[in-house]
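Structure first, commentary second.
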Amino acid sequence: MKMSGTTVEDSNPKIDEKYRHIYVIIEHFEGHVVPVSLEMLGEARRLMDDFNQKYDLKEKVVAVVLGSNVRDLCEELVTYGADCVIYANHEVLKYPRNDIDTRIIAQIAKDTELIKEISPEYQSAFARPRYMFFAADNTGRHLSSTVLAELESGLASDINKLVISDLEIRHEHKTKGKTIRYEKILEMYRPDFSGFLWTTILCLDNKNPEILREYHPQGCSIIPGAFKPIERDRSRKGKVIEYSPEGYQDSKIKILNRKVVKKTVDYDTSKIIVSFGRGIRENPERNIKMIEELAQTLGAEIGITLPLSKKPYQLSQNFDSKYMIPDRVIGTSGSKVAPRLYVAIGLSGAVQHIAGMKESEVVISINTDKNSPIIDESDIFINGRLEEVVPVLTEQLKKQTNIISMRSN
Ligand SMILES: Cc1cc2nc3c(=O)[nH]c(=O)nc-3n(C[C@H](O)[C@H](O)[C@H](O)COP(=O)(O)OP(=O)(O)OC[C@H]3O[C@@H](n4cnc5c(N)ncnc54)[C@H](O)[C@@H]3O)c2cc1C
């Protein structure tokens with residue numbers, strides 16, 4: 001390390017050379033790449049293009065896909081931004097199984113022979129990927145934690161903004177109180193406190209000589225809907241490499257039978273969805289009855305925000321088991337919906353919720369707080385108490401319905 005003023009600069013290129021590329025772990029279902037995987041590829045592409053320009057490097061976006069009959073997906077991944085696709089194809093990998101997938105992805109991440117094919121110029125020092133992206137869904141959240149544990153590095157979960165930068169850091173333990181420059185750090189932003197504040201998470205090497213240790217890859221799971229895929233370019237060229245994994249035979253988990261549990265609520269065919277959040281809290285049972293009446297008048301399905309699925313209020317069994325259930329959650333932890341009309345009642349519009357409903361054609365929201373983020377998603381924002389607005393709306397709608405049905409008779 002070389003001193004410059006009060007800053008100790010990291011001039012050890014060896015460390016930097018050990019870590020290369022962004023690895024994006026792809027998910028697919030019934031022969032199709034799931035949207036969040038294309039979104040992650042898009043963001044990786046944008047980050048890597050800037051990165052290579054800034055640092056004058058030729059690092060790559062590497063997609064990793066495990067499954068059975070997945071060869072055809074590889075070309076598609078190239079057209080969505082991957083420079084290279086590593087795929088493992090085997091009947092055993094047909095469905096996600098955390099123990100096997102973890103082992104294989106960790107093998108791929110550490111494989112220096114693969115790097116010879118991806119980027120021979122970086123092979124000699126290569127140890128691990130520089131960055132690694134997973135989806136923040138049920139499969140990816142679990143997989144990211146086990147893979148990063150296997151690779152003995154850190155993980156930031158549920159991220160919706162990423163920046164690569166050089167930072168001056170002073171930390172009691174990591175830098176032993178000195179200011180040290182860290183290069184090519186992935187700043188991972190996580191929405192917290194209902195999505196109104198961001199926590200920036202950094203995965204930093206220990207540069208304190210007493211506890212020297214490197215933490216790579218810098219890994220994160222990414223909230224579905226947080227980024228946009230790049231426009232598909234069918235003329236893009238990339239390398240596709242088949243990987244022959246080891247150790248998939250000795251899984252403790254055997255799939256003997258498989259049944260897909262269907263959700264109890266069908267949002268796919270719902271043209272109108274009325275959702276409510278913690279704004280019902282003054283009198284939950286009465287307010288839900290009111291919202292139910294509005295939904296019935298509109299012929300709408302009912303959705304909720306995540307906190308309500310944790311059953312925060314005492315309700316009669318009928319309401320509790322009908323509405324306060326995970327199947328009704330809209331957002332990253334529940335369903336992604338795209339109705340023609342979305343009515344958001346007493347919900348603030350946290351980023352995780354918005355990710356689930358932002359494809360709605362028209363959004364009407366009712367909220368007491370003009371500063372609630374839901375206002376930014378709304379075509380019509382009604383500033384008021386739901387207890388007063390909802391009954392008026394229902395009454396007016398009933399009158400309109402009567403007029404419409406009288407006219408059509
Ligand atoms: C990893 C992770 C995943 C998550 N996934 C999801 C997800 O998939 N879906 C999801 O919804 N959340 C999710 N969340 C939670 C999310 O961050 C928010 O905490 C949650 O969405 C807030 O719920 P809310 O809008 O009901 O409550 P609040 O944020 O408390 O908002 C209540 C709103 O009601 C308004 N209000 C109060 N009284 C009235 C009244 N009388 N009339 C009208 N308006 C009123 C208030 O002004 C406020 O805007 C997730 C969080 C994490 C950390």
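The values are calculated or read from the model by the stated rules, or taken from the named source; none is laboratory data. Note that this is a predicted model, so its numbers are computed, not measured. Using ideal geometry, Cβ is built from the backbone for each residue, glycine included, and neighbour counts are taken over all protein chains shown. Quick note on the areas: whole protein, heavy atoms, side chains included, nothing else; ligands and nucleic acids left out. Shrake-Rupley method; radii C 1.70, N 1.55, O 1.52, S 1.80 Å.
To keep it simple, each residue is scored yes or no on (1) under 26 Å from ILE100 (Cβ atoms); (2) touching a Ser or Thr at 6+ places or on another chain (Cβ under 6 Å); (3) hydrophobic (A, V, I, L, M, F, W, C).
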residue: LEU167; (1), (2), (3): no, no, yes
residue: GLU187; (1), (2), (3): no, yes, no
residue: ASN206; (1), (2), (3): no, no, no
residue: ILE230; (1), (2), (3): no, no, yes
residue: LYS237; (1), (2), (3): no, no, no
residue: SER251; (1), (2), (3): yes, no, no
* Restricting the search to the range 57-74, which residues are modelled with pLDDT of 95 or more and among the acidic types (Asp, Glu)? -> GLU59
* Residue check for LYS311: part of a loop (DSSP other than H, G, I, E, B) and more than 30 Å from VAL70 (Cα to Cα) -> yes
* **Residue check for PHE381: in contact with a helix residue (DSSP H, G or I) (Cβ under 6 Å, 6 or more places away or on another chain) and open to solvent by 40 Å² or more (accessible area, probe 1.4 Å)** => yes
* Asked: Quick one: which of ASN287, ASN283 is modelled with pLDDT of 85 or more, in contact with a Gly (Cβ under 8 Å, 6 or more places away or on another chain) and within 16 Å of the ligand (Cβ to nearest atom)?
  -> ASN287
* Asked: Is the range 110-118 home to any residue that is within 11 Å of CYS220 (Cα to Cα) and open to solvent by less than 10 Å² (accessible area, probe 1.4 Å)?
  -> no
* In this structure, does VAL265 turn out to be in a strand (DSSP E or B) and either outside the structural domain of GLY42 (by TED's automatic domain parsing) or over 23 Å from the mean Cα position of the chain (by Cα) (or both)? -> no
* To do: Taking LYS174 as the residue in question, decide whether it is within 20 Å of ASP16 (Cβ to Cβ) and open to solvent by 10 Å² or more (accessible area, probe 1.4 Å).
  => yes
* Only one of ALA149, ALA136, ALA156, ALA127 is over 18 Å from MET40 (Cα atoms) and touching a residue at least 60 places away in the same chain (Cβ under 8 Å); which? -> ALA127
* Residues within the range 131-154 that are over 17 Å from ARG103 (Cα atoms) and buried (at least 23 other Cβ atoms within 10 Å of the Cβ), tallied -> 3
* Asked: Which of the residues belonging to the range 216-236 are modelled with pLDDT of 95 or more and open to solvent by 50 Å² or more (accessible area, probe 1.4 Å)?
  -> PRO229, GLU231, ARG232, ASP233, ARG234, SER235, ARG236
* To do: May I ask you to list pairs of residues, at least six apart or on different chains, whose Cβ atoms are under 7 Å apart, with the first in the range 278-302 being outside the structural domain of GLN314 (by TED's automatic domain parsing) and of a type outside the set (D, E, K, R) and the second being at pLDDT 95 or above and away from the ligand (no atom under 11 Å from the Cβ)?
  => none
* Asked: Picking from PRO245, PRO229, which residue would you name as being touching a residue at least 12 places away in the same chain (Cβ under 8 Å) and in contact with a Gly (Cβ under 8 Å, 6 or more places away or on another chain)?
  -> PRO229
* Asked: How many residues, within the range 314-327, are in a loop (DSSP other than H, G, I, E, B), surrounded by 15 or more Cβ atoms within 10 Å (Cβ to Cβ) and without any contact (Cβ under 8 Å) to a residue 40 or more places away in the chain?
  -> 2
* Breaking point among (1) β-branched (Val, Ile, Thr); (2) without any contact (Cβ under 8 Å) to a residue 40 or more places away in the chain; (3) within 30 Å of PRO326 (Cα to Cα), for ILE201 -> (2)
